[in-house]
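These notes concern the structure reproduced below.
Just so it is clear, none of the values below were taken in a lab; they were calculated from the coordinates. Not measured: the values here are computed from a predicted model. Cβ placement follows ideal geometry from the backbone for every residue including glycine, while neighbour counts extend to all protein chains displayed.
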There are 2 protein chains.
Amino acid sequence: MNKAAEQSLQGLRERIDAVDQQLLQLLAQRMALVAEVGEAKHVLGLPIYVPEREAAMLAQRRAEAEVLGVPPDLIEDVLRRAMRESYRSEKDTGFKCVNPSAGPVVVVGGNGQLGKLFVQMFRLSGYEVKVLGRQQWADADALLKGASVVVVSVPIATTSAIIADLKGRLDHGTILCDLTSIKREPLAAMLDAHSGPVVGLHPMFGPDVSSFAKQLIVVCDGRQPEAYGWLLDQFALWGAHLKPSTPQFHDEAMALVQAMRHFTSFVYGNHLMAENADVRELLAFSSPIYRLELAMVGRLFAQDGALYADIILSSQTALPMFRRYLQRFESALQLLEKGDREGFIQAFGAVADWFGPFAQQFLKESRDMLLVANDRRHLG
Amino acid sequence: MNKAAEQSLQGLRERIDAVDQQLLQLLAQRMALVAEVGEAKHVLGLPIYVPEREAAMLAQRRAEAEVLGVPPDLIEDVLRRAMRESYRSEKDTGFKCVNPSAGPVVVVGGNGQLGKLFVQMFRLSGYEVKVLGRQQWADADALLKGASVVVVSVPIATTSAIIADLKGRLDHGTILCDLTSIKREPLAAMLDAHSGPVVGLHPMFGPDVSSFAKQLIVVCDGRQPEAYGWLLDQFALWGAHLKPSTPQFHDEAMALVQAMRHFTSFVYGNHLMAENADVRELLAFSSPIYRLELAMVGRLFAQDGALYADIILSSQTALPMFRRYLQRFESALQLLEKGDREGFIQAFGAVADWFGPFAQQFLKESRDMLLVANDRRHLG
């Protein structure tokens, strides 16, 4: 009987492998079709990411899954994963140029990682692109003449000085924009350096994204939105999601989320070192959630310390806010040191009330992510 | 010409939908085959998760993908996602009972969420299971008599008292184990309350997991490992990964990872509230990484404050360690307040050196996760 079960197990595994090979063939077919879609969209000048088409298509497949007894989340997750690859490959086919008569796009700092990405995207869309790096500064005037857009993509600590250096060099009609992760100071510097159209941008993603699809760009108006509208249309065509904001609101939100998370991650990494933690052993002990939290801290240290120092130091609100955080940490710790269990539970409840339905939403979202983390788990 | 391109786009979309429907059919076939595998494994008493088979199968599909020009990560991610569903459905077919002659399994606190999960798993494996809740305490002696295993699954604050209450009530051969997230105190209490086999367990997952496959259980030996070996074999058959440890090491690691992350998440939530942050607006502003970090904090507040208070307060090392963290926060903040950019960068570099290759590994791991987070993004 066990012999029969063993043979049957072997046979079933072979059939599963055959199904998986067919899955692979279909993914290859899908990618080829999507490449053709990219060509057609290129001709039509359509954006590569169309939220309504995606949502309608997923809803249909979910309904069909239900009928077949397949969990709807399974087909949705599989298709979302396949679509990610599609966005990446659509990029390679190029994009429609929304302003074919525009003069050259000049990227100041176009040799940096983020600058390079924008250089590539503008070129894929048919614009003439010039790079103005440190080496080319002597020819700046010649390079900047006749530019339709000047994009400033330089380290945060030098942004304002470099913008000030552009003063008097730009044509009146040139669009001046920057990609810095703070917005108040650079925007003020741009408005001072240039009398024409100005817009502050913060691409909320790293230079390693495979595509602009679904990526967020925060947009802070400076001057003459009607003159730079076509530029935003171009970003939207690349698939980006544009979020208008004020520089003030943007910078405060960034201090609260970005600077705060960077700094506490730095302190926690420092703390793990000082406590002589054994990362390898901690990992062997970690459930998906702690592994993910360790990864979110550890990832910071694979990056540039100077960049983080400058992001924090350039914020006008971060340091006093860190101090308020420190005081709250101290109060909460005192509560526990006094053994005031009820006091802690009460404070916890107040925050839970404040989060309201977001707490449940975050629990669900993070649970989905943790399932993915567990799928990937390599044991040993 | 645009008309032709539009028609061609429509035709391509229909063909993509057809491919996606075939994908769905294959996923349904795969699930049916996997259910049959579950039956065969049940007969053979094989574990539902076999790392070697999974790794070999994925390596083959990756190689085939390469040949077809499909990114190997795409097929691997799709298959991992499909396999997660398989583990879930394999659970429903039941498990082989590794010790069919064993007496009843008694789960103390078997009405709690985690207790219920273990009750279900033991029943699916053919054991007689009895639940000893508060209501049944009067009949405790009768329920405990002849038990092969007694599993203590009660709130952390009452664990030791309830274990002490078992003293003199257990047969000498009964295996006594607990599921508490600290191990020193409960293990000492178990060794004191019982003269037979004792083992401390910490399942590193919540009661909401769909399957034990790939989930971690930390195992702290108490006494007579040869007598409780079959119990660990049963857990392994459910797909769990067993990690032996000492109670001391386990508790220190948990304080450093679990208690610390809970507490700093609590303080950060409290801080967001006190700063009058607008969660909805922060989310509209958040790149996948900040959204994930917000979610990892907010998820805490969808859960039980008392549980977190007890986890922290029951740790013997957490509070002094939090104080050391606070001092490190203070020092780092002073560095920035003095505008000591170089000092910060130097400290950052020291931690980066300490993380070593883990920093890069964490960056890669979290990047994969962030791509998944971005796939799921709903814009608006």
| query | How long, wide and thick is the range B:37-102, going by the Cα atoms along their three principal axes, in whole angstroms, largest first? | reply | 54, 18, 15
| message | Compute for the range A:71-228: radius of gyration divided by Kirkwood radius, i.e. Rg/Rh, restricted to C-alpha atoms, rounded to two decimals. | response | 1.03
| query | Add -39500 (n - 2.57) for each DSSP H run of 4 or more in chain B, then divide by its residues: what number comes out at 222 nm, to the nearest 500 deg cm²/dmol? | reply | -20000 deg cm²/dmol
| request: For the pairs A:K214/A:K364; B:K116/B:K183; A:K3/B:K41; B:K130/B:K167; A:K214/B:K364; A:K116/A:K145, note any where the Cα-Cα span goes beyond 23 Å. | output: none
| said: Using alpha carbons only, how many angstrom separate the centre of the range B:248-321 from the centre of the range A:143-175? | reply: 43
| request: Could you line up B:R299, A:R13 from fewest to most neighbouring Cβ atoms inside 10 Å? | output: A:R13, B:R299
| field | Gaussian network model of chain B, Cα within-10 Å springs - most flexible of B:H42, B:H172, B:H202 | value | B:H172
| task | Among A:G69, A:G146, A:G222, determine the one that fluctuates most according to a GNM of chain A built with springs between C-alpha atoms less than 10 Å apart. | result | A:G69
| query | Which net charge results when you count Lys and Arg as +1 and Asp and Glu as -1 among the other residues whose beta-carbon is under 13 Å from that of B:L176? | reply | -2
| query | Taking θ as phi - 60°, what are the ³J(HN,Hα) couplings along the range A:102-112 by the Karplus curve (6.51, -1.76, 1.60), each to the nearest whole Hz, with x for Gly and Pro? | reply | 5, x, x, 9, 9, 9, 7, x, x, 9, x
| remark: The correct pair for chain B, radius of gyration to one decimal and Dmax as a whole number, both in Å and from Cα atoms, is 25.6, 89
| query | Using 7 Å Cα-to-Cβ label points, what is the A:D192/B:Q303 separation (nm, one decimal)? | reply | 4.9
| field | chain A: most fluctuating residue of A:I163, A:I217, A:I289 per GNM, C-alpha cutoff 10 Å | value | A:I289
| note | Residues whose modelled amide H sits under 5 Å from the amide H of B:V129, counting only those 5 or more places away in sequence or on another chain, are B:V105
| query | Averaged over peptide B:331-344, how many Cβ atoms belonging to another chain are found within 10 Å of each residue's Cβ? | reply | 4
| Rounded to 5, percent antiparallel among DSSP beta bridges of chain A | 25
| task | Distances from A:P155 to the same position in the other copies: list them in nm, one decimal, shortest first, using label points 7 Å from Cα along Cα→Cβ. | result | 5.4
| request: Neighbouring Cβ atoms within 10 Å as the yardstick, rank B:I311, A:I345, A:I182 fewest first. | output: A:I345, B:I311, A:I182
| task | Output ³J(HN,Hα) for the range A:184-193: one whole-Hz value per residue in order, computed from phi by the Karplus curve 6.51 cos²θ - 1.76 cosθ + 1.60 with θ = phi - 60°, and x for Gly and Pro. | result | 4, 5, x, 5, 4, 5, 5, 5, 6, 7
| note | Sorted by chain and then number, the residues having a modelled amide H within less than 5 Å of the amide H of A:H241, at least 5 places away or on another chain, are A:K214, A:Q215, A:L216, A:I217
| task | Can you bin the range B:142-218 into rounded, prolate or oblate? Criterion: square roots of the alpha carbon gyration tensor eigenvalues sorted a ≥ b ≥ c, rounded for a/c under 1.5, prolate for a/b above b/c, oblate for the rest. | result | prolate
| task | Quick one: order A:W354, B:W137, B:W238 by neighbouring beta-carbon count within 10 Å, fewest to most. | result | B:W137, A:W354, B:W238
| field | 3J(HN,Hα) from dihedral phi, the range A:316-326, Karplus parametrisation 6.51/-1.76/1.60, rounded to Hz, x for glycine, proline | value | 7, 10, 5, 5, x, 6, 4, 5, 5, 4, 4
| note | Shortest first and in nm, the label-point separations between B:S8 and its counterparts in the other identical copies (7 Å out along Cα→Cβ) come to 5.3
| query | Under a point spin-label approximation (7 Å from Cα along Cα-to-Cβ), what is the A:L326-A:T158 distance to one decimal in nm? | reply | 3.2
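Suppose a student asked you for the relative contact order of chain A, using Cα pairs under 8 Å spaced at least 6 residues apart; what percent would you report?
Details: 440 pairs, mean separation 41.4, N = 380.
That works out to 11 percent.
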